[in-house]
Amino acid sequence: MKKDDDFMPKILTFLCNWCSYAGADLAGTSRLKYPTSIIPIRVMCSSRVDPLFILKGYLNGADGVLLTGCHPGDCHYQSGNYHTRRRFAVLKKIFENLGLEHERLRLSWISASEGQKYAKITTEFTQKIKELGKNSTGTEIFL
Amino acid sequence: MTKVLTINQSVEMGIREFLKFLLDKSKVKGVFTLKKLNKGGDVAYSLITRSDELKDTVPFFPLMPINAGKLLSRFTMNGATSEPVAVVLKPCELRAFIELVKLEQGFLENIMFISATCGGVYPLNMVHDGTIDKNLSQYWTAIKKEEIPPNLRPACKACTEFIPYNTDMTINLVGNKTLDSQCEIFIESKKGEELAKDKDIKKKYSEKESKKKNLDNFRGKREAEKKKIFDEITPKLTGMDGLINIFGKCIGCHGCSKVCPICYCKLCEFESSDSEYGPSHYESELRRRGAVRVPPNTLYYHLGRLSHIAISCVGCGSCEDVCPVDIPLSIIFKKIGESVQHMFEYIPGKSITEKIPLTTFKEKELTEIEK
Amino acid sequence: MNNSSDSSEDKGVVIQVKNTQKETVNDFLKKAMEQGVFDAVLISMKVPAGDSFAYVLLTDKELLKDTFPLPPIMSVQGAKAISSITRRGKGNKKIAAIMRPCEIRATVELTKLGQIDLDNIVLISMDCFGVMPTPSFIKDPEKSLKKFEDAIRIEDDTVMRPVCRICDKSSMVAGDLHIGTRGVQKDAFFIVSNTKKGKDILDKLGLISNKNIDTWLAKVKENAKEKQKKRKQAHKDLQSSIKNLDKFLDTFSHCINCHNCMRACPICCCRVCYFDSDKMKHPSDDYLRIAKSKGSIRFLPDTTIFHIGRMVHMSLSCVSCGSCEDACPMSIPVAQLFSMTADETQGLFDYIAGKSLEEPLPLTTFIKEELSEVEDVHD
């Protein structure tokens, strides 16, 4: 099982500019420890994330995709994250029905003050992805 | 009880005569329906303005050359017609058009919708391999008996939305034993009722109140067939390997998206420069995989299309009809589509006022998704 | 080295076949990759389900053993694959592309149309015996593959697509290297170079073009002559079957406007086709007005203008590859019609699509003294 311990997943993480990115920033400035597996992408709002972005990340071999945004009701653009939630739920349902590993997709709300939560979620998710192992799409030829 | 206009002729003759009457009396200025093009038996949607051209129409011909919803969108995307037009189309085509109107790709104004309970249609390849005539004879016998005719498209066999929504007039085909002698037109909307009140119509057609046929039995048969067809595909939907096996033979013609009524984008994401790989992208792919399929993005295209349109997919089956390599697209899209539509108890095209789920939200819902 | 490209065709390299021709070609490529002559190879491969073939760009040499240099179907026209790789620029890898002559010819046309950058590509064609229609192949891939292999062995083209049966350019050398399998002993094939690039590669591999290739040339000539006769006849028959307007319209009456033919066509490279653009989308009242003037119009009314328009746009570059017909869900003989038209329009300028990179596209150039016979024709 040594091998599994060596495996550091690549987790594509979308961070909304107003809450989650600031939350991640706080985690950093508070010197909280979280895994190096996170590949952050800052977006203005979680609703900017077309399901295609997640799909593309997944098909290009991202071991996990984490989508983060403001808590419901706190969206800088009033309702962006409510739309995000529906879209994400639909994409996850599609994954489930196609037998794809929907566990590799995760949606979390992280506010600007939740550096702790950011560290906790990224650690948890990384652990879970480690258990799932490498995403096979990264080496498929006929995608 | 619903108001019914009765014409004492076969359904085919009756509807033709009714359309002729509408045109001749200027109740409508155009009729949009299926028409035989030539002796060869080709059938295509046509816009007819002169009543003598109606003699070649075959409004309920069991074939869908293109989803009429898509055509109506093309017809009205730059504005509603200024004159009334009667349109005869299938329930799924009407549902597709309603979705397109909600997506701001067409207008309902000035269109009189005439639809029918639909027994399903045959695959398009029957037109060119010439087997359609042979099948046609058994089609109507089966429909009268409330049975699913053999050799229909899988999407139709598995369709449980065969009763039209949002019509102005409906004709009952399924389980109708008097197809050859009587044409009953059920009035379904205010628009329809206003037309029925017209003195010319009152003079010409007898009106009565009648009950619509209960089609639960037929629905049961379709449900059973759907379950069978879904059960066949489910074991193949086993993640990446399964999907590569299903979609591996795709030739990338994108015909499925071109005929899909819901795919309305002018320039599809998957045909845009965003989806092209530049040289460095190819090189990084090669470093990682050792090889890459060219052109790339076969699965990305199909899954991406699924994620974009599943919520509005009406299961019309056009995608599968045009696929040159017989990928069972219609069943996959129907199955996935229904599963996501079910999350919001949404039936695409059922109501014009109900918003498409992805364009709206409820504050308290789906909280379990964040975990 | 001072030989002109013409005379270099007179001599060739003979490669001994070990086991099968396919394996030998793959070995040749592997060797070239090992020696760093190519960094990557673009070649056909069976898809995992085994029911079709797809182009794959590979750098992993081990994969070469599974490749299929001349697959039984043309699922994607090779020129489209090369365009996908180089449309955005040429990159740093030297890529060998193994394709059929018509795919290479389409590649040449696309290069002239600015859709391909050939700098780092080596085009290797092979003698082609035709391909089967994709729709019928996928009905039973295993059986079809066997049928295809049997047909090739006895050079029987009846199972091939109609346009392949009348293809007179199935050994045309338009790329850098060509693998000739016609008119040779079963245990060998020829490699001939057509360009300096091709010659350099043979040199690098230590292969010397000194073998007589007359048997190949003779067989190629014989085949071309026979096919030319068939082609003329087929085109004549087709022409008489669509002589009047009604018959012509009937040919396209199945068409459902899906535009699959256009998107499968290697030459149709516009991002947004004119016939899919807003130019073809009219206000509803315009449609109604047109309908009123005729009593009835087919909807959409664009079928005929689409097909003839496409002929106008691309027939001078049409290589008769047959992809359009393969992709047509209504089995309209599009490829046969287009190849007939292409022969006629290309004939006006003595142009053969994809024959040479240097020859400009006829519509991008002109000669002052020409075509006077089309001016002021009143009869």
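Considering each of C:K22, C:K18, C:K94 in turn, give the residue that is in contact with a helix residue (DSSP H, G or I) (Cβ under 9 Å, 6 or more places away or on another chain) and of a type outside the set (G, A, S). Let's see the steps before the verdict.
Numbers: C:K22 fails: in contact with a helix residue (DSSP H, G or I) (Cβ under 9 Å, 6 or more places away or on another chain); C:K94 fails: in contact with a helix residue (DSSP H, G or I) (Cβ under 9 Å, 6 or more places away or on another chain).
Criteria check complete, one pass: C:K18.
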* Output the number of residues of the stretch C:283-305 satisfying the condition of being at pLDDT 95 or above, touching a helix residue (DSSP H, G or I) at 6+ places or on another chain (Cβ under 8 Å) and more than 7 Å from chain B (Cβ to nearest Cβ). => 0
* Only listed residue being among the hydrophobic types (A, V, I, L, M, F, W, C) and closer than 19 Å to C:P301 by Cβ, chosen from B:F32, B:F18 -> B:F32
* Out of C:I201, C:I297, C:I208, C:I213, sole residue that is among the hydrophobic types (A, V, I, L, M, F, W, C) and either open to solvent by 80 Å² or more (accessible area, probe 1.4 Å) or in contact with a Ser or Thr (Cβ under 6 Å, 6 or more places away or on another chain) (or both) -> C:I208
* To do: Tally the residues that are β-branched (V, I, T), open to solvent by 30 Å² or more (accessible area, probe 1.4 Å) and in a helix (DSSP H, G or I), restricting the search to the stretch B:326-371.
  => 2
* **Residue satisfying all of: in the stretch C:265-282; at pLDDT 95 or above and under 21 Å from B:C256 (Cβ atoms); nearest to the other protein chains (Cβ to nearest Cβ) among these** => C:C265
* Asked: Just a yes or no: is a residue in the stretch B:311-325 surrounded by 19 or more Cβ atoms within 10 Å (Cβ to Cβ), facing another protein chain (nearest Cβ under 10 Å) and without any contact (Cβ under 8 Å) to a residue 60 or more places away in the chain?
  -> yes
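In the stretch B:147-158, which residues are open to solvent by 20 Å² or more (accessible area, probe 1.4 Å) and either in contact (Cβ under 8 Å) with a residue 24 or more places away in the chain or on the phi > 0 side of the Ramachandran plot (or both)?
First, pick out the residues of the stretch B:147-158 that are open to solvent by 20 Å² or more (accessible area, probe 1.4 Å): B:147-148, B:150-151, B:154, B:157.
Answer for the stretch B:147-158, where residues must be open to solvent by 20 Å² or more (accessible area, probe 1.4 Å) and either in contact (Cβ under 8 Å) with a residue 24 or more places away in the chain or on the phi > 0 side of the Ramachandran plot (or both): B:E147, B:I148, B:N151, B:P154, B:K157.
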* Go through the stretch C:306-328 and give me each residue that's under 11 Å from C:E109 (Cβ atoms) and outside any helix (DSSP H, G or I). => C:C318, C:V319, C:C321
* Collect the residues in the stretch C:63-91 that are more than 14 Å from the chain's Cα centre (by Cα) and either among the aliphatic types (A, V, I, L, M) or not assigned by TED's automatic domain parsing to the domain that holds C:M172 (or both), keeping them in residue-number order. => C:L63, C:L64, C:I85
* Among the numbered conditions (1) more than 26 Å from C:I352 (Cα to Cα); (2) touching a Gly at 6+ places or on another chain (Cβ under 7 Å); (3) within 8 Å of another protein chain (Cβ to nearest Cβ); (4) not basic (K, R), tell me where C:N260 comes up short. => (1)
* How many residues does the stretch B:252-267 hold that are at the interface with chain C (Cβ under 10 Å from one of its Cβ atoms), open to solvent by 30 Å² or more (accessible area, probe 1.4 Å) and not in a helix (DSSP H, G or I)? -> 3
* Asked: Does the stretch B:182-222 hold any residues that are open to solvent by less than 50 Å² (accessible area, probe 1.4 Å) and either in contact with a Cys (Cβ under 7 Å, 6 or more places away or on another chain) or of a type in the set (K, R) (or both), and which are they?
  -> B:R222
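Any chance you could count how many residues in the stretch B:236-251 are within 7 Å of chain C (Cβ to nearest Cβ) and either charged (D, E, K, R) or over 14 Å from B:L329 (Cα atoms) (or both)? Break it down stepwise before answering.
Looking only at the stretch B:236-251, we keep the residues that are within 7 Å of chain C (Cβ to nearest Cβ), and these are B:244-245, B:248-249, B:251.
Filter once more, keeping what is either charged (D, E, K, R) or over 14 Å from B:L329 (Cα atoms) (or both): B:249.
Counting residues in the stretch B:236-251 that are within 7 Å of chain C (Cβ to nearest Cβ) and either charged (D, E, K, R) or over 14 Å from B:L329 (Cα atoms) (or both) gives 1.
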* Structure fact -> If we ask which residues in the stretch A:104-118 are open to solvent by less than 10 Å² (accessible area, probe 1.4 Å) and small (G, A, S), their number turns out to be 2
* So which residues in the stretch B:276-288 are assigned to a helix (DSSP H, G or I) and facing chain C (nearest Cβ under 10 Å)? -> B:P279, B:S280, B:H281, B:Y282, B:E283, B:E285, B:L286, B:R287
* Asked: Taking interchain pairs and intrachain pairs at least six residues apart, which have beta carbon atoms under 8 angstrom, with the first residue in the stretch B:126-142 and closer than 12 Å to C:M330 by Cβ and in the same structural domain as B:G175 (by TED's automatic domain parsing) and the second assigned to a helix (DSSP H, G or I) and open to solvent by less than 30 Å² (accessible area, probe 1.4 Å)?
  -> B:M126/B:I132; B:M126/B:N135
* **helices (runs of 4 or more DSSP H) enclosed by the stretch A:35-143 - at least 1 residues per element that are within 7 Å of another protein chain (Cβ to nearest Cβ) and touching a residue at least 60 places away in the same chain (Cβ under 8 Å)** => A:51-59
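Conditions tested, residue by residue: (1) among the aliphatic types (A, V, I, L, M); (2) under 30 Å from B:S26 (Cβ atoms).
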residue: B:E147; (1), (2): no, no
residue: B:R153; (1), (2): no, no
residue: B:T160; (1), (2): no, no
residue: B:K177; (1), (2): no, no
residue: B:K190; (1), (2): no, yes
residue: B:K199; (1), (2): no, yes
residue: B:L215; (1), (2): yes, no
residue: B:K221; (1), (2): no, no
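The values are calculated or read from the model by the stated rules, or taken from the named source; none is laboratory data. Treat the numbers as computed from the prediction; the structure is a model and nothing was measured. Cβ coordinates were reconstructed from backbone atoms using ideal geometry, including for glycine residues, and neighbour counts include every protein chain displayed. Remember, those area values only see protein heavy atoms, side chains included, never the ligands or the DNA or RNA. Shrake-Rupley method; radii C 1.70, N 1.55, O 1.52, S 1.80 Å.
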